Amino acid sequence: MSIRVLIAEDHQIVRQGLKALLVREGFQVVGEAADGQEAVKLAESNQPDAIVLDVSMPVLNGLEAVRELGRSCPKTKAVLLTRYDGDQYVLAALRAGAKGYVLKSQAAIDLVQAIRDVCNGGVYLSPGVSRAVVDAFLSRSEMTEERLTARERQVLQLVAEGKTTKEVATILGISVKTAESHRTRVMQKLDIHATAGLVRYAIRSGLIEP
């Protein structure tokens with residue numbers, strides 16, 4: 001039986017290319033999503049064997065989507081596809097629950113191998129990923145606690161994308177007052193006092209693309 005895969009990528013032309021590649025390699029593509037929120041919903045309804053997610057996506061980024069999937073679709077193996085090769089991004093991905101981390105600069109066959117490996121119970125990291133990152137993850141020696149809650153990270157991403165407090169409330173299904181409260185706590189925790197600072201932090205954290 002072929003491996004059932006869901007694709008989450010906000011650029012349509014890239015998404016189409018990924019689908020063509022995976023179908024050619026014998027995978028069954030059961031759905032396509034343009035943002036992390038849509039990816040989680042499709043995964044919950046389709047329960048794929050694996051999901052390939054871009055890290056930088058609107059509404060809900062790949063890392064947060066992986067965290068959500070860990071709760072709602074624990075059997076689905078997540079493979080992150082990204083251009084970020086920094087140690088902090090790889091550690092964040094592993095901490096979120098990703099089983100694969102593939103750099104966009106690598107050959108297409110790496111993604112194919114990653115999907116097969118994670119569906120066989122393994123973990124796949126692109127050749128360019130430092131071994132020290134893996135050791136740090138396994139030992140937990142260099143992993144720090146997240147300063148923000150999952151909801152606060154969602155609010156941070158949406159604010160950094162330029163959404164108003166009212167728009168944030170609508171997207172997340174919360175009241176405007178609650179959205180404003182989350183935003184205030186984010187700024188307090190990060191010691192950031194202007195929206196521009198939140199945008200810079202979100203870019204450095206890989207929540208949005210520059």
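Assorted remarks:
- When the Gaussian network model of the chain links Cα atoms closer than 10 Å, the mean-square fluctuations of L190, L69, L22 top out at L190.
- Sites K166 and Y201, calculated FRET efficiency, Cβ-Cβ separation with R0 22 Å, nearest 0.05: 0.50
- Gyration tensor (Cα) of the chain, equivalent ellipsoid semi-axes in angstrom: 29, 20, 15
- Free of any trypsin sites (Lys or Arg not before Pro) that DSSP assigns to a loop and that have at most 14 other C-beta atoms within 10 Å, the longest stretch within the chain is 1-74.
- Among the listed pairs K19/K163; K163/K189; K19/K99; K75/K104, those with a Cα-Cα distance over 23 Å are K19/K163; K75/K104.
- Shape of the range 150-204, Cα gyration tensor, a/c cut at 1.5: prolate
- Helix axis angle, 36-46 relative to the chain longest principal axis, alpha carbon, degrees: 50
- GNM top mover of S126, S56, S105 - the chain, alpha-carbon springs below 10 Å: S105
- Estimated translational D of the range 4-129 in µm²/s (Stokes, Kirkwood radius over Cα pairs; 20 °C; 1.002 mPa s): 155
- C-alpha long axis of helix 150-160 to longest principal axis of the chain, angle in °: 80
- The C-alpha atoms of the chain define a longest principal axis, and helix 87-96 lies at about 90 degrees to it.
- Counting every other Cβ atom within 10 Å of each residue's Cβ, M187, M57, M1 order from fewest to most as M1, M187, M57.
FYI, it's all coordinate maths here, none of it is from the lab. Note that the coordinates shown come from a computational prediction; the quantities given were computed from them, not determined experimentally. Neighbour counts run over all protein chains shown; Cβ positions are idealised from the backbone, glycine included.
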